[in-house]
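Notes for the one structure printed next.
Computed from the coordinates by the stated procedures, all read-outs in this text should not be read as laboratory data. Predicted, not measured: the structure shown is a model, and the values here were computed from it. Using ideal geometry, Cβ is built from the backbone for each residue, glycine included, and neighbour counts are taken over all protein chains shown.
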Amino acid sequence: MSNIAIFLLIVLAPIYAAFFEGAQRVLKAKMQRRIGPPLMQPFYDMYKLMDKRALMVNKTHTLFALFYFFTLWILIAFIFLGFNLLYIIFLHLLASIILILAGFSVKSIFSHIGSNRKLLAIVAYEPILLLISVGIYMVYGTFEISVILNTPSQFLSLIFVYFAIILIIPAITKLSPFDAPKAHQEIVGGIEIEYGAIFYEFLYAAKFLEMIFAYSFIYILAGDNHIFGTFLVLFSFLLVNLIDNSTARIQISHMVKVILVLGIVLCSINILGSLLWA
Amino acid sequence: MGLEKYRKKSPWILHYNCGSCNGCDIEILAAMSPKYDLERFGILNNGNPKQSDIFLVTGPLTYRSRERLIELYTAMPEPKVVVAVGSCTCTGGVFSDMYNVENGIDSYIPVDVYIPGCAASPELIIDGVVKGLEILEKKTKEIEKPKKLLGKLDEKEETINRTRFAGNILGKDDETSN
Amino acid sequence: MYITILYIILPLLSSFFAYKDNKKLTYTFSAFSLIVLSTISVFHFFSNSVYQFDLNSFLHTIITILDLVLLGYFAFIGFKAQNKKVLFLALFQAILFLYCIFNVSHESFGDLYLNNLSFFMLIVINLVGSIIAIYAVKYMEYENCSKEKRRFFLAYLWFFIFIMNMIVIANNYLLFFFFFELTTLSSYLLIRFRKDEISITNSLRALWLNQLGGVFILFAVIIAILNDSSIYFTQLKSPEVLIAIFLAFASFVKGASKPFESWLLGAMVAPTPVSAILHSATMVKIAPFLILKISYVFTPTLSLLITLFSMGVFAIISLQSLAKDNFKEILAYSTIALLALMVSIASMGTQEAFEITLYLIFFHAVSKAMLFMIAGVLEKQYHIKSIEDFTLLFQKSPIITSLILLGFASVTMPPFGLFFAKLFSLTYISEMIKQNPLYLLVAILFVVGSSLLVLLYFKVASKLIDFSSTQEKVEKQEVSKEFVFSSFLLFFIAVFSLVFVAFDSLSIFMFTTTIILLIVVFFLLLKLLNFKGIDRVKEYSCGEKYSHNVGVFYYDFDRYKTTFQNSFIALLFIILILGLV
């Protein structure tokens, strides 16, 4: 990939990611047999939010949201530059912690509950993300994304890791059944509750960037077969939305147990299997 | 800026029930179901006043819900539109002049669209919301005051203080409700 | 030869001047000792020098006599306090010790041995320990005790640094045992400093549990005598696994691994400089230090067993810490967990594991010392011991809150050193999985444990940045500059030492600098940016007119406590039996 292409991919990340989110809403609507919003809806949302009267609760709360967005953007930059997978996971952890601190920094009960649930979600999916990287390392022999994307594809030996990633994508991108931290109407959005107008736009755009982060794991699984990687991403997108539309939200305590147990079992099967058939 | 035209492309609603019999609420929820599909206009029901543009109110205003109505109304950032759904919200409906209702919300907050009906049908609701969107386009970002606040109200105040509970405009803590 | 004398003389001189209660001289000598000893240690560490000396037989006799006096004193303490465990263990140790003295072979292979591991530990002890001893001078001004006791305390801290200097250069098991017992004595004396009932109980518990460690070392010596092996660390050869097992058990005791962790948790009633210097930064680091010294003789099975055992401790302790609400106790739990992580990595025995453990030891010592010193400031100036009292701390003192948040971040997040150490450990464990699939279990326990630690820290952080609702005003409470100076110094050292980690490759360097830039810009904007002209609003409470106070969430696993203890005792026996295979 030429440098100009990578640079454009990084700088325009919120923009094309918005189309991803728009496509998700259209897909959800179509699955529910209705028309749904136009594809450009996230842009209309953004313009509308920019046109509202700005409001904020306190300085720290707002700054944390801004920094959450920028850390995620830097994370996307590192992904496209092909850094070490483990650094990227820990940088994502830093970004999530910034969001959690944002949720704790106002005296709003829903915000606190949302932050606490997000902390528990981190306890649930962070170990699985790390084990997924170990699984990828077992098969591809390296943690560096740039090297993996140039290695011949060995997707079939990573099939269980693929299922583990599908398991945790709803937790990262806040979809059913693992969207207890966001829980629209149950805790009114959790951490997002005290944000309005332009500052909410940053959280809204950060959601797209998290989607890029989550789906990039699937893209990496395909190695140097980029066409297959793209196909896999689209297929997973469909699958995750199907799961979203057909399951109900589960409690946060069950979520931790389910993700940890299933994820560890799936990753262990893959890692041990890759050792036996090495 | 030319951003006003985007206000009507992505209106987010806040739905509040001021003591209604739930008939109009069911119709609003039906309007969001696949048959009538409000989401094709970009409408989302977020339940969070800080992120909403349209305030859909049902129910004649019972005494208990007056304060919450004003709290929610003052928490919404401008520009905003209030849509009174159902005849109870407009004039009191079947409950008018009863001992515990205030005969509609328009003595407390400025209403932009009145949707009649008992219960208002989804088509009427969609028509009303679309009319509200046209009004939304023309609004400014100046703070809109509610007409009546509870507690000690100082008429000389030009604007409301959003860091306090509405109705405690002079900063004194009143006993709540009733 | 002469540098060894410096390591002995300078701390003892500082101790003497601290006892004389002359503030100016104390500060001067402390700073002098800090700078000189740290610089020498750094220089020798990077030049990879090795020194080896003998002690003449007169000194040997003196040390033996002092050792017996020490054991007699322990027995006396047990007798006076009517504590059977202390008394029995002291007498048992005395018997074993006498047997060793009369049966040990008298060939000498260098009683004092300084290699790069010793110099590294000397850096940690002299740098972090001296800073804490300097901090303690200010701390003790607030402490409610007589002048005599104050002088004794400050002098004893420097004496303790001397003990630590000696223990990391001792090459002879019996010399090591002597200084080990001296550290046990230091623990006992300093924990019971405040002389209230809970201090006395906890100090006795620390005494008998640490004596168990001494018993394990003596077992190792007796086995060496019975097998006709040498009692020198440098002479430890591959078939002598049983000696290594008992030394490893001694390190489990000193590092407060399960099932021995209760002494460290109880030690938190001591004044904070004690918690900082003994129970987080220096004394408990003897555990990974000892493992590093002997890990090259571990059989692959033993190595895997100890790694698994310690990683299990890491995960389970992190789980158990989620129910606690005393700030120092939470720090103690995380210390135990990270020590278990260090022991676990150290026991893998290779050069790469060695380097990773060194990173872990250094960055953990710096971060934990900083956090404990802040805990001391909170205790003395704000009278806060429990995290439930952290409300509004951000507005009372933004400096303290930022330091605590940065302290927590420095244990778990990029760009700080401990994060890199954890990253390298995970990379290394993944490599080891290729050789032995059982390392997968180690990896699973590692990732679960580190996520639980993140949960623990940021659950506490929730109370830290608990802002007042927009309707109350809080005034700032200034904290005295001298008190926080040492914390700033340690934080600066933590960031500066990243240089040694970050210059490895371009990507690490870019990564570290970007994140440091991010943090710096955040704090700058927090101070300077004002968001003028934007409305301030209050929080959403569903229209209700009540403001809410939100508490911290706790997760209680206490009903599994005995199960955990028993399983870990059983695991110790399994290590003993299977490790010989």
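Values as computed for the structure displayed
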| item | result |
| --- | --- |
| Length-normalised contact order of chain C in % [C-alpha pairs under 8 Å, at least 6 apart] | 14 |
| Column: log10 I(q)/I(0), Debye, Cα scatterers of chain A, q = 0.07, 0.10, 0.13 Å⁻¹ | -0.25, -0.52, -0.89 |
| Sites B:Thr163 and B:Asn100, calculated FRET efficiency, Cβ-Cβ separation with R0 30 Å, nearest 0.05 | 0.45 |
| Test item: Cα-centred dipole of chain C, Lys/Arg +1 and Asp/Glu -1 on Cβ, debye | 1120 |
| Tilt relative to chain C, helix C:23-46 - C-alpha long axis, 0 to 90 degrees, to 10 | 70 |
| Protection-proxy order for peptides C:495-504, A:255-264, each taking the mean of Cβ atoms within 10 Å per residue, highest first | A:255-264, C:495-504 |
| Whole-Å distance, taken between Cα centres, linking segment A:1-78 and segment C:27-51 | 53 |
| Efficiency of FRET between C:Thr28 and B:Ser107 - r from beta-carbon atoms, R0 60 angstrom, step 0.05 | 0.15 |
| Loop trypsin sites (Lys or Arg not before Pro), segment A:8-87, which have at most 11 other Cβ atoms in a 10 Å radius of their Cβ (DSSP) | A:Arg33 |
| Pairwise label distance in nanometres, C:Ser507 with A:Thr247, each label 7 Å out on the Cα-Cβ vector | 3.1 |
| Taking C:Leu112, A:Leu91 and counting other C-beta atoms within 10 Å, the order from fewest to most | C:Leu112, A:Leu91 |
| Which of C:Val411, C:Val550 has the fewest Cβ neighbours within 10 Å, and the rest in rising order | C:Val550, C:Val411 |
| Nearest-ten-degree value, helix C:506-528 long axis tilted from longest Cα axis of chain C | 50 |
| Euclidean distance between Cα centres, segment C:514-567 to segment A:115-183, Å | 26 |
| Residue pairs, from the table C:Lys258/C:Lys380; C:Lys20/C:Lys138; C:Lys258/C:Lys422; B:Lys147/C:Lys538; C:Lys476/C:Lys538, whose Cα atoms sit over 27 Å apart | C:Lys258/C:Lys380 |
| Zone residues, segment A:261-277, relative to A:Gln154, backbone N less than 15 Å from point 7 Å out along Cα-to-Cβ | A:270-277 |
| Cα principal axis extents for segment C:1-44, largest first, Å | 33, 16, 8 |
| Degrees separating the helix C:173-191 axis from the principal Cα axis of chain C, which is the longest one | 40 |
| 20 Å Cα-Cα reach of C:Lys195 towards aspartates and glutamates, excluding residues that sit fewer than 8 places from it in its own chain | C:Glu141, C:Glu143, C:Glu148, C:Glu329, C:Glu379 |
| Selected from A:Leu276, A:Gly263, A:Ser253, residue furthest toward positive end of dipole (segment A:191-278; charges at beta carbon) | A:Leu276 |
| Binned Cα-Cα distance frequencies in the protein assembly as shown - 20 Å width, integer % | 12, 39, 31, 15, 4, 0 |
| Centroid-to-centroid separation of segment A:207-253 and segment C:412-446 [C-alpha atoms, Å] | 26 |
| Which listed pairs, of A:Lys207/B:Lys50; A:Lys257/C:Lys368; C:Lys85/C:Lys147; A:Lys107/C:Lys324; A:Lys107/B:Lys8; A:Lys257/C:Lys254, have C-alpha distances above 28 Å, in listed order | A:Lys257/C:Lys368; C:Lys85/C:Lys147; A:Lys107/B:Lys8; A:Lys257/C:Lys254 |
| Rounded to 5, the percent of DSSP beta bridges in chain B classed as antiparallel | 5 |
| J(HN,Hα) series, segment C:248-255, from Karplus relation 6.51 cos²θ - 1.76 cosθ + 1.60, nearest Hz, glycine and proline x | 5, 4, 4, 6, 4, 5, 5, x |
| Simple spin-label estimate for A:Leu234 and C:Asn549 in nanometres, 7 Å along Cα-Cβ | 5.8 |
| For chain B, calculated [θ]222 nm from helices alone, where every DSSP H run of n ≥ 4 adds -39500 (n - 2.57) | -7500 deg cm²/dmol |
| Dipole moment magnitude, nearest 20 debye, the protein assembly as shown about Cα centre, only Lys, Arg, Asp, Glu C-beta charged | 960 |
| Peptide C:435-445, shielding by other chains (average Cβ, 10 Å cutoff) | 3 |
| Among C:Gln477, C:Leu302, C:Leu265 the positive-end extreme of the charge dipole of chain C (Cβ point charges) | C:Gln477 |
| For chain C, projected area of the alpha-carbon convex hull averaged over all directions, nm² | 28.4 |
| Distribution of pairwise C-alpha distances over chain B, 5 Å bins, in % | 2, 9, 17, 21, 20, 16, 10, 5, 2, 0 |
| In nm, spacing of pseudo-spin labels at C:Phe43 and C:Leu226 (7 Å Cα→C-beta vector) | 4.8 |
| Charge dipole of the protein assembly as shown about the Cα centre (unit charges at C-beta), most positive-ward option of C:Val104, C:Phe92, B:Ser52 | C:Phe92 |
| Net charge dipole size for segment B:4-144 [Lys, Arg +1 and Asp, Glu -1 on Cβ; Debye, nearest 20] | 360 |
| Calculated FRET value between C:Thr61 and C:Arg151, using beta carbons and R₀ = 22 Å, to 0.05 | 0.10 |
| Where Rh is the Kirkwood radius over Cα pairs, Rg/Rh for segment C:1-80 | 1.11 |
| Neighbour-count order for A:Met138, B:Met98, fewest beta carbons within 10 angstrom listed first | B:Met98, A:Met138 |
| Mean separation of Cα contacts under 8 Å (6+ apart) over length of segment B:4-144, as relative contact order % | 28 |
